[in-house]
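One structure is given below, encoded as structure tokens.
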Amino acid sequence: MIPKEFNKKIRNKLIVTFLVPLLIIILISGVIIYFIAYRGLEEELSRKLISIGLAATTRFHADSIALLDPGDESTRLYRSTQQKLADLCKLTTINRIYLFKPDNTSLIDTENDIKIGYKYSHHEFDQNELSYALSEFQPISSILFQGQDGEYYKTGYIPIKTSSNGAIILAIQGNAAFYKTLSSLRRNMFFAIFVVILLIVTASLVYSQNIVSPIKNLVEAAMKISGGELTSEVNIKTKDEIGFLGQKFNQMRKNVLERDQRMQMMLRGIAHEVRNPLGGLELFCDLADKETDHRAVKRHLKKIREETATINRIVNEFLDFARTIGITVSKISSAEFLEEIGFHIAHDIEVDHILWSYTLTDKDIIFEADREHFKRVFLNVIKNALQSLDKPEKRMSVLVSRDILNNDTIPTDAVKFIIEDNGMGIKEDDIEEVFKPFFTTKEKGSGLGLAFVKKVINEHHGTIHIESKLKKGTKVVMVLPIEYKTQV
Ligand SMILES: Nc1ncnc2c1ncn2[C@@H]1O[C@H](COP(=O)(O)OP(=O)(O)O)[C@@H](O)[C@H]1O
Ligand SMILES: [Mg+2]
């Protein structure tokens, strides 16, 4: 697992960097396109209204119409002009044309129920346009507005001069039918944008996955290497910088592995050279012991023998660690295995009055491992526990249970061993160090026990960690897959 403080995922960064600006651009362009279409259609309607309005002004005589008074609705002038304007409306699909005085009172309206002198109250919304039309004598159109029927309309105002230096105004009202088209365009556009966004999100997820998955492989490989597992290849096939990095990573791993192997070879060589004369030393001690009755000499010889035994033990630990591990897997019954371990430590348990117990949560758990190596692993951990016991009541326990290992995110059945003691514990700063070769706090320690343990556990694709409190005790937790697999 990648630690919490490294939770800023590259994939999220990629998505944010590319996706967010792209989405903003698409949304803004959508809005701009919509408004350009809207403005274009609106201007088109204004032009149409004004040109029809101008054509309409040729169909009547403004001077006579300006003189119409309320009650003149049945006059010939009124009726024929109203008819002409109504015909024009029909011909051009315009909704309404009306003529009115600058004081907003009606003269002629194609809407029959509006009489002469009617006050157009809605003109107050178009005050600006109307005063412009009258002061500049230029046609102008209102902004789009919603009629009582819910439809959108626009009005064009065309000022017409009368000979008495006055003016009347022709208003021409058209339906903005395009508004409907626009709202369906808006709907379609939103739908299209939604589909495009969906496509881009999917594409960017796939794309970022392609970039990120080799990086993930690299991270996993780095984690394995930093955990001391140097044998599995980094598998990145992309022909880009990450692929190159993977290749270099592999080279680095091989170099470290080679250096490790050279160091182990050297250790092996030294250990062998030391072990041979040690054998001789023990033999000569025995001989000298037999040939003397001198008590002081005998005492010295005993001391020499004890010291050689220590060197022998350390040399054996060197050899254990330095041995290139070849694994011979067999099925191991945990109950039987623990009996055997108990047998190995029976002497120490008895001499030091240690309260020792082991518990199996299941009846028996059968797992696959190299029996000899795993026995040494166990004995190393247990010896450390025994050596740490410094209280009057010395306690040590082993708990074996079933577990799940999440190796490479594929959960596998596993067996868990917890070896706990109430000994002197480990300093917090040292917990990280104890697995390193040659780290020891003991006067006659080799510092290779846990390095060997870690190496074997890695070979078995298992995990090991230590929890410890100074002066309270230590808990070593080892988890091994139930089934041994050569490559995980
Ligand atoms: N059960 C334990 N209780 C206290 N300290 C421990 C325990 N196991 C390991 N250690 C610490 O880890 C160190 C390294 O252990 P190890 O690799 O077995 O080397 P060695 O036993 O030769 O010192 C020990 O020196 C000791 O400080
Ligand atoms: Mg040890």
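The values are calculated or read from the model by the stated rules, or taken from the named source; none is laboratory data. All of these numbers come straight from a predicted model, not from anything done at the bench. Glycine gets a Cβ as well: all are built from the backbone with ideal geometry, and neighbour counts include every protein chain shown. Calculation scope for accessible area: heavy atoms of the full protein, side chains included, ligands and nucleic acids excluded. Shrake-Rupley method; radii C 1.70, N 1.55, O 1.52, S 1.80 Å.
Things worth noting here:
- Tensor-based shape of segment 218-328 (alpha-carbon gyration tensor, a/c under 1.5 rounded, otherwise prolate or oblate): prolate
- The Rg/Rh ratio of the chain, with both radii computed over alpha carbons and Rh defined as the Kirkwood radius, is 1.51.
- Debye intensity ratio I(q)/I(0), log10, segment 137-186, q values 0.19, 0.22 Å⁻¹ (C-alpha model): -0.68, -0.80
- Charge dipole (debye, nearest 20) of the chain; +1 at Cβ of Lys and Arg, -1 at Cβ of Asp and Glu: 740
- Cross-link partners of K101 among lysines, defined as those whose alpha carbon lies under 16 angstrom from its own and excluding same-chain residues fewer than eight positions apart: K115, K119, K161.
- Highest mean first, the peptides 30-36, 212-218 sorted by other C-beta atoms within 10 Å per residue fall in the order 212-218, 30-36.
- Across the cross-link table entries K239/K455; K248/K383; K331/K475; K303/K472; K298/K427, which are compared at the Cα atoms, the separations over 30 Å belong to K239/K455; K248/K383; K303/K472; K298/K427.
- Residue-count net charge about V16 - beta-carbon cut-off 15 Å; Lys, Arg +1, Asp, Glu -1: +4
- Binned Cα-Cα distance frequencies in segment 70-147 - 5 Å width, integer %: 3, 13, 22, 23, 22, 14, 4
- Percent accessible area from carbon and sulfur atoms, the chain, protein chains only, probe 1.4 Å: 58
- Taking a ≥ b ≥ c as the square roots of the Cα gyration tensor eigenvalues, segment 117-161 comes out prolate, since a/c reaches at least 1.5 and a/b is larger than b/c.
- Hydrodynamic radius (Kirkwood) for segment 255-300, which is based on Cα pairs only, to one decimal in Å: 13.2
- Compactness of segment 325-481 as Cα Rg over 2.2 N^0.38 Å, two decimals: 1.01
- Heavy-atom accessible area order for L22, L68, largest first, 1.4 Å probe: L22, L68
- Probe 1.4 Å, all protein chains present, accessible-area order of M252, M189, M266, M396, largest first: M266, M252, M189, M396
- Solvent exposure of the chain amounts to 60 Å² per residue of accessible area, where only protein heavy atoms count and the probe is 1.4 Å.
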